[in-house]
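Comments concern the structure below.
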Amino acid sequence: MNLDKNTRILIVGLGVMGGGYAKALTDKGYNVAAITRSQKTLDYALAHGIVGGGAAFPDSELISAAELIVIALYPQAAIDWVAEHGKHIRKGAVVTDVTGVKCGVVEQMQALMPDGVEYISAHPMAGRESSGIEYSDPRVFLGANYIVTPTEKNSEAAIELCADLGRVLGFGRISVLPPGKHDSMIAFLSQLTHCIAVTLMTCNQSEGMERFSGDSFRDLTRIAKINDRMWSELFLANKMPLLKEMDGFIEEFKRLRTMIAEDNAEDMRAMMRLSTERRTKFDKPKSHIIPEEKEDTNMSMNFNRKLPIPMEIKEQYPLTLELEKRRDEQISELKKIFTGESDKFALIIGPCSADHEDTVIKYIHNLREVQEKVKDKILIVPRIYTNKPRTTGAGYKGMLHQPNPNADPDMLKGIIAIRDLHIRAMRETGFACADEMLYPENHRYLSDLLAYVAVGARSVENQQHRLTASGMDIPVGMKNPTGGDLSVMMNSITAAQGSHTFLYRGWEVKSDGNPFAHAILRGYVDKRGVSHPNYHYEDLITLHDLYAAGGQSNPAVIVDTNHANSGKKYLEQPRIAKDVLHSCNCSADIRKLVKGLMIESYIYDGCQKISEDEILGKSITDPCLGWEKTERLIYDIAEML
């Protein structure tokens, strides 16, 4: 029996799991309603299109209308709910659940079902350490395991319907196990691992250990951020199988301890080899990834390791629905500036390059305080530039390469660090931020987080940058090239606004075209190495005329107040900003064209070389305007608008 699109589905409980079920099913066109205890949770689900209807109380009409009911509650709560409200379930309905233990639960649930109602239990082996509907994300189901746990009372039709529900949700492997076998497996594979993670976090009380931990400790204790109510209930409900597995683990741990105490390296190495052999069986299949050859006789490079693809990183470090909503709202407001629907002024502002996470976040908190005071006139988009183009290839290439500027490059840590930084900025300050697209193939690691992207002066002539920009749904600024030829920049805007078929990350793709691609004027350097600005009144009129002749959508420019416009004299930025605003006040055409400024700013004036003794908050690349001058400049800009 397949799950029909017309089936009326009711989700009972809209936590992280129930919310994930509801969103996945709704997104695929199913008719989903929900019952939850919290009106706030229901309002959130309705506002975000997670469900089509519902109630914050056990609505008997909703219950009796449902043909498939998913009870997404803790085990005892699920039993109590059916005991109280099961009488309203219609004859012929199928009821399933998401509970992590089955023995005891299944027997009681089946006994409580009204005549003609079939209960078939299942266990979705996916979730998050966080709780609440705002953390629900159906992407966690993709490729994960889903276990159906029938008894002799279940029909083949109900078993197949439950399995098909797992397939519809996106689970990769559907298994069928008796409840007792399930609980024995779960005691070892899930509950014991959570016990180990919890005791690891509580067995050593030393202060400040987080400053010295590596990825191995973080990986092993990821699940230690635990829902105490749910997991204590699961442990006790599955007490005997869990105690058996704990005893087995303790004995094996003691055996390893004896080997260490007796300097028995031979047996220890044998144990480790067996561990390695068994662990490889648990690696997730990556059939969608074509492995690179480690050696290529036609290329002089070493393939060090295969890195996770963007989808995998996004699954491990997801954006909550609440943060996704904030980002969408900010992008919408920014787009209105570029279409002319809003007369606010955009400030793309921040360090030349992001370096230390805590310091960047401190700076962005400062921006948030100022944003609240100028929100009627200015929309701030913080710069978190995690890639740094280098003219000669030497020097700090940004957080993607070196999450710790004083350490060796580590691209895996870098990918994780830049995603963490952008998410943290959004979570703590509400800002979706800007980044430079230095490597088009890497954009998807951050594509769900950014509100604005810049294509640099060295990249703007590159075909792949232009075509990738054409597939984005956010404003993308195309800088004039370092040599200053404005026709190159205008051609890049035309290309980015068009639709193209091209090769991207191993896929043939077709872009829709980006009507929000626009110009960034950053000055230029002549053949003698002399910097020339292009922010003056005459330059802006020239750009206005180029737009008029070229016919591009949404004519717009962001003026970069640093780089060649300032001759890298960062203290000139306030003067340049005010000069641009003066031009805006002198010409309606320029005011309509200029949508904002790009300013390089950090906590302290200037720049410094990378060292162990560097001043946090002072740029380690190009010099930046310090915070006191930045704050004053933002207020001055607001007064001039």
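The test for being under 17 Å from Pro138 (Cβ atoms), surrounded by 21 or more Cβ atoms within 10 Å (Cβ to Cβ) and either over 28 Å from the mean Cα position of the chain (by Cα) or at pLDDT 95 or above (or both) holds for Val70. Take the conditions (1) within 18 Å of Gly477 (Cβ to Cβ); (2) assigned to a loop (DSSP other than H, G, I, E, B); (3) in contact with a strand residue (DSSP E or B) (Cβ under 8 Å, 6 or more places away or on another chain); Ser553 misses just one of them, which is (3).
Among the residues of the stretch 11-18, is there at least one that is open to solvent by 30 Å² or more (accessible area, probe 1.4 Å) and of a type outside the set (Gly, Ala, Ser)? Scanning the stretch 11-18 turns up at least one residue that is open to solvent by 30 Å² or more (accessible area, probe 1.4 Å) and of a type outside the set (Gly, Ala, Ser). Filtering the stretch 479-532 down to residues that are among the hydrophobic types (A, V, I, L, M, F, W, C) and without any contact (Cβ under 8 Å) to a residue 12 or more places away in the chain, which residue is farthest from Val460 (Cα to Cα)? Of everything passing the filter in the stretch 479-532, Trp507 is farthest from Val460 (Cα to Cα). Comparison of Lys397, Lys362, Lys377 shows that the only residue that is among the basic types (Lys, Arg), closer than 26 Å to Asn304 by Cβ and open to solvent by 10 Å² or more (accessible area, probe 1.4 Å) is Lys397.
Yes/no per residue for (1) touching a strand residue (DSSP E or B) at 6+ places or on another chain (Cβ under 7 Å); (2) open to solvent by 10 Å² or more (accessible area, probe 1.4 Å); (3) more than 26 Å from Glu315 (Cβ to Cβ):
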site: Leu421; (1), (2), (3): no, no, no
site: Arg424; (1), (2), (3): no, yes, no
site: Asp435; (1), (2), (3): yes, no, no
site: Val453; (1), (2), (3): yes, no, no
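Looking for whichever is part of a strand (DSSP E or B) and open to solvent by 30 Å² or more (accessible area, probe 1.4 Å) here; the options are Glu461, Glu508. Which one fits? Sole residue among the options that is part of a strand (DSSP E or B) and open to solvent by 30 Å² or more (accessible area, probe 1.4 Å): Glu508. For the stretch 323-342, the count of residues that are at pLDDT below 90 and either within 22 Å of the chain's Cα centre (by Cα) or in a strand (DSSP E or B) (or both) is zero.
If you check Thr193 against the conditions, is it closer than 22 Å to Tyr146 by Cα, polar (S, T, N, Q), modelled with pLDDT of 85 or more and surrounded by fewer than 17 Cβ atoms within 10 Å (Cβ to Cβ)?
Working: closer than 22 Å to Tyr146 by Cα: yes; polar (S, T, N, Q): yes; modelled with pLDDT of 85 or more: yes; surrounded by fewer than 17 Cβ atoms within 10 Å (Cβ to Cβ): yes.
Yes; evaluated as a whole, the condition is true for this residue.
Taking His182, is it more than 28 Å from the chain's Cα centre (by Cα) and closer than 30 Å to Ala24 by Cβ?
Working: more than 28 Å from the chain's Cα centre (by Cα): yes; closer than 30 Å to Ala24 by Cβ: yes.
So His182 fits the description; yes.
Yes/no matrix, rows are residues, columns are (1) of a type in the set (S, T, N, Q); (2) modelled with pLDDT of 90 or more:
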{"position": "Ser130", "(1), (2)": "yes, no"}
{"position": "Ser136", "(1), (2)": "yes, no"}
{"position": "Thr149", "(1), (2)": "yes, yes"}
{"position": "Ile159", "(1), (2)": "no, yes"}
{"position": "Gly166", "(1), (2)": "no, yes"}
{"position": "Ser175", "(1), (2)": "yes, yes"}
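A single member of Tyr602, Tyr635 is surrounded by 21 or more Cβ atoms within 10 Å (Cβ to Cβ) and either of a type outside the set (Val, Ile, Thr) or over 32 Å from the mean Cα position of the chain (by Cα) (or both), and it is Tyr602.
The values are calculated or read from the model by the stated rules, or taken from the named source; none is laboratory data. Just so it is clear, the model here is predicted, and its values are computed rather than measured. Methodologically, a virtual Cβ is constructed for each residue, glycine included, from the backbone with ideal geometry; neighbour enumeration extends over all protein chains shown. Areas reflect the complete protein model, heavy atoms only, side chains present, ligands, DNA and RNA absent. Shrake-Rupley method; radii C 1.70, N 1.55, O 1.52, S 1.80 Å.
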